Amino acid sequence: MGFFDLFKRKDKKSKKYKLGLHKTREGALSTLKDILSKSKQIDDDLFDELEEIFIMADIGVDTVVDFIDDLRSEVKTKGITDPLELQEMIMDKMFEIYLNGEVVNANLNLNKNGLSIILFVGVNGVGKTTSIAKIAASYKKEGKKVLLAAGDTFRAGAIEQLSVWAKRIGVDIVTKESGTDPSAVMYDAIKKAQAENYDILLCDTAGRLQNKVNLMNELSKMKRVLQKECPEAPHETLLVIDATTGQNGMSQAKAFKEATDVTGVILTKLDGTSKGGIVLAIRHEMGIPIKYIGLGEGIDDLEVFDIEQYLYGLFADFFEE
């Protein structure tokens with residue numbers, strides 16, 4: 001089943017993605033349908049225009065070059081001459097770029113029998129604390145017993161901010177005084193989680209990126225403390241990136257990937273940018289799957305990532321008569 005068949009149905013989730021990605025669709029991608037419908041042939045000029053549009057959408061230069069090369073090759077192989085036929089081909093190719101020949105599962109890797117530990121990393125100001133709260137609320141709604149660990153002990157207000165969220169959503173939290181060694185917070189948190197049979201432990205970390213060596217040492221120490229008590233921990237290490245920072249978010253992703261074993265990305269504020277193509281850039285250039293995307297301010301607006309719905313959100317105009 002192609003994308004055009006898939007999205008003849010418009011469910012609640014499709015509408016949420018469509019609304020959340022409207023800035024990208026109405027910004028960088030706004031001329032795409034018009035260009036394809038008005039072009040009389042598929043030629044170098046058309047491919048150049050497509051390349052420019054996708055780079056403006058922040059898909060990333062390297063990703064776009066590979067994408068356009070693949071598109072050219074398939075057009076030639078299949079003998080396609082009608083520019084309108086590129087609509088579905090573009091979506092199919094982007095789908096292939098994201099999957100990259102793998103089965104990509106956006107669901108978190110949780111321990112089926114016992115405690116699951118999730119570590120959150122990312123620079124200050126990207127929405128890390130809010131993301132932790134939203135995920136905690138989601139699991140609490142599922143009936144899970146959730147504990148938070150306020151491991152960002154260096155940023156002024158970080159402990160208080162996470163504590164306020166914990167109280168608001170009704171989950172427990174482990175805190176220590178500001179300036180405490182974050183590993184001490186992790187130790188207390190995992191001991192409490194194991195003793196009191198928690199299902200999920202969500203761990204905040206410091207967001208400093210000035211010195212990669214210090215960052216690496218700090219994260220490594222925290223992981224050692226967790227692994228001493230739970231050898232398979234952390235079950236996920238999620239990097240939180242602010243989508244509105246565009247390619248700067250890519251440089252953050254590279255730095256954190258060098259510093260720790262990032263297993264997935266949370267892309268916040270995707271609804272607030274016209275450069276939503278960064279999803280594909282992260283996946284193509286870093287090989288890291290997107291686990292959640294932020295499509296609004298509400299507690300329920302952090303969505304488990306769905307590549308098909310994402311592509312519909314980007315190209316919803318294709319489906320409108």
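Within the stretch 190-225, the set of residues being at pLDDT 95 or above, more than 17 Å from residue 129 (Cα to Cα) and buried (at least 24 other Cβ atoms within 10 Å of the Cβ) comprises 190, 193. As a summary of the residue check, residue 271 satisfies the conditions (1) closer than 23 Å to residue 204 by Cα; (2) in contact with a strand residue (DSSP E or B) (Cβ under 8 Å, 6 or more places away or on another chain) except for the one numbered (1).
Screening residue 62 against (1) in contact with a His (Cβ under 8 Å, 6 or more places away or on another chain); (2) open to solvent by less than 80 Å² (accessible area, probe 1.4 Å) leaves a single unmet condition, (2).
Do we find that residue 249 is open to solvent by less than 20 Å² (accessible area, probe 1.4 Å), in contact with a helix residue (DSSP H, G or I) (Cβ under 8 Å, 6 or more places away or on another chain) and at pLDDT below 90 in this structure?
Working: open to solvent by less than 20 Å² (accessible area, probe 1.4 Å): yes; in contact with a helix residue (DSSP H, G or I) (Cβ under 8 Å, 6 or more places away or on another chain): yes; at pLDDT below 90: yes.
The answer is yes for residue 249.
Any residue at all in the stretch 179-195 that is assigned to a helix (DSSP H, G or I) and more than 17 Å from residue 117 (Cβ to Cβ)?
Looking through the stretch 179-195, none of the residues is assigned to a helix (DSSP H, G or I) and more than 17 Å from residue 117 (Cβ to Cβ).
Considering only the stretch 20-31, I want to know if a residue exists there that is in a helix (DSSP H, G or I) and aliphatic (A, V, I, L, M). No: zero hits. Restricting 317, 300, 271 to those that are touching a His at 6+ places or on another chain (Cβ under 9 Å), open to solvent by 30 Å² or more (accessible area, probe 1.4 Å) and either of a type outside the set (A, V, I, L, M, F, W, C) or part of a helix (DSSP H, G or I) (or both) reduces the list to 271.
When residue 257 is tested against (1) at pLDDT 90 or above; (2) open to solvent by 10 Å² or more (accessible area, probe 1.4 Å), just one condition goes unmet, and that condition is (1).
Residue under question is residue 244, and the condition is that it be more than 20 Å from residue 119 (Cα to Cα), touching a residue at least 12 places away in the same chain (Cβ under 8 Å) and polar (S, T, N, Q); does it hold? Yes; evaluated as a whole, the condition is true for this residue.
Any idea which of 159, 169 is over 22 Å from residue 215 (Cα atoms) and either β-branched (Val, Ile, Thr) or in contact (Cβ under 8 Å) with a residue 60 or more places away in the chain (or both)?
Details: 159 fails: over 22 Å from residue 215 (Cα atoms).
Of the residues listed, the single one that is over 22 Å from residue 215 (Cα atoms) and either β-branched (Val, Ile, Thr) or in contact (Cβ under 8 Å) with a residue 60 or more places away in the chain (or both) is 169.
Looking at the structure I just gave you, is residue 45 open to solvent by less than 70 Å² (accessible area, probe 1.4 Å) and without any contact (Cβ under 8 Å) to a residue 12 or more places away in the chain? Break it down stepwise before answering.
Details: open to solvent by less than 70 Å² (accessible area, probe 1.4 Å): no; without any contact (Cβ under 8 Å) to a residue 12 or more places away in the chain: yes.
No; evaluated as a whole, the condition is false for this residue.
When the stretch 303-321 is limited to residues that are farther than 16 Å from residue 12 by Cβ and among the hydrophobic types (A, V, I, L, M, F, W, C), the one that is nearest to the chain's Cα centre (by Cα) turns out to be 305.
The values are calculated or read from the model by the stated rules, or taken from the named source; none is laboratory data. Everything numeric here is computed off the predicted structure, so don't read it as measured data. Counting neighbours? That spans all protein chains shown, and the Cβs are built from the backbone with ideal geometry, glycine included. Accessible surface areas use protein heavy atoms only, side chains included; no ligands, DNA or RNA. Shrake-Rupley method; radii C 1.70, N 1.55, O 1.52, S 1.80 Å.
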